[in-house]
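Visitor: Dropping a structure here in C-alpha cells format, bear with me for questions.
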Amino acid sequence: MQNWVRNPSSAGDHAVSFIPPVGSPRRGSVLLLFAMMWLGRWLEASARRDLGVLSRLVLSRMVVTPAVQAAIDQHAAAVRDILTLSPGRIGPVELAGYAQGVEDGAFGRGWRPGADLSTDWVGLRLAAACSLVTASAGDVTATVQ
C-alpha cells in the first residue's frame, strides 16, 4: 500500500483529498489534471471577459429595437446550430473563438464597423454570440439542449 499524503479540507474528516507522494507515477497525472482544470477555468474567464468587452462595443453602436432584437435572436439560433455541429461543449471559449473568427473574416474582407451596426450582418452576428454567453445566467449549454 502506498503512502498517501492526507490533506484535510475545511469540510471535516469526511471530505479528504489525497495527493500521491513525490516519486509516485500517479503524482504527475494528478498535477496535470489540476493544471488542466486551472487552464480551463482561466480560458473560460478570459473568454467571458473578451465577449463582455465585445458586447459593450457592439451594443454601443446599435439601436436595439424589437426588430433588431429578433434579428439578433435569429443569428443566435444560427450560431447555436453551427456550433452544435462541432463535437464538445458549447461554452464561452467556443463562442469567443467563433466571434474572433467572424471578426477576422470580416476584417480580412475589408469590413469596418460603421456608426450603426443594427443593420450590419457582422454586427448582428457578434451581438448574437455575445448574447448566448449571457443567456440563462451565463450557462450557454442550457440554451443548446
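The values are calculated or read from the model by the stated rules, or taken from the named source; none is laboratory data. Note that the coordinates shown come from a computational prediction; the quantities given were computed from them, not determined experimentally. Note: ideal-geometry Cβ built from the backbone for every residue, glycine included; neighbour counts use all protein chains shown. Calculation scope for accessible area: heavy atoms of the full protein, side chains included, ligands and nucleic acids excluded. Shrake-Rupley method; radii C 1.70, N 1.55, O 1.52, S 1.80 Å.
Visitor: Confirm whether Val68 is open to solvent by less than 40 Å² (accessible area, probe 1.4 Å) and among the β-branched types (Val, Ile, Thr). Spell out the reasoning first.
Guide: On the way: open to solvent by less than 40 Å² (accessible area, probe 1.4 Å): yes; among the β-branched types (Val, Ile, Thr): yes.
Spelling it out, Val68 is indeed open to solvent by less than 40 Å² (accessible area, probe 1.4 Å) and among the β-branched types (Val, Ile, Thr).
Visitor: Among the residues of region 82-94, are any exposed (fewer than 13 other Cβ atoms within 10 Å of the Cβ) and either assigned to a helix (DSSP H, G or I) or at pLDDT 95 or above (or both)?
Guide: Initially, region 82-94 is screened for residues exposed (fewer than 13 other Cβ atoms within 10 Å of the Cβ), giving 82, 84-89.
This time we only want the ones that are either assigned to a helix (DSSP H, G or I) or at pLDDT 95 or above (or both), so: 82, 84.
Yes, there is a match, as at least one residue in region 82-94 is exposed (fewer than 13 other Cβ atoms within 10 Å of the Cβ) and either assigned to a helix (DSSP H, G or I) or at pLDDT 95 or above (or both).
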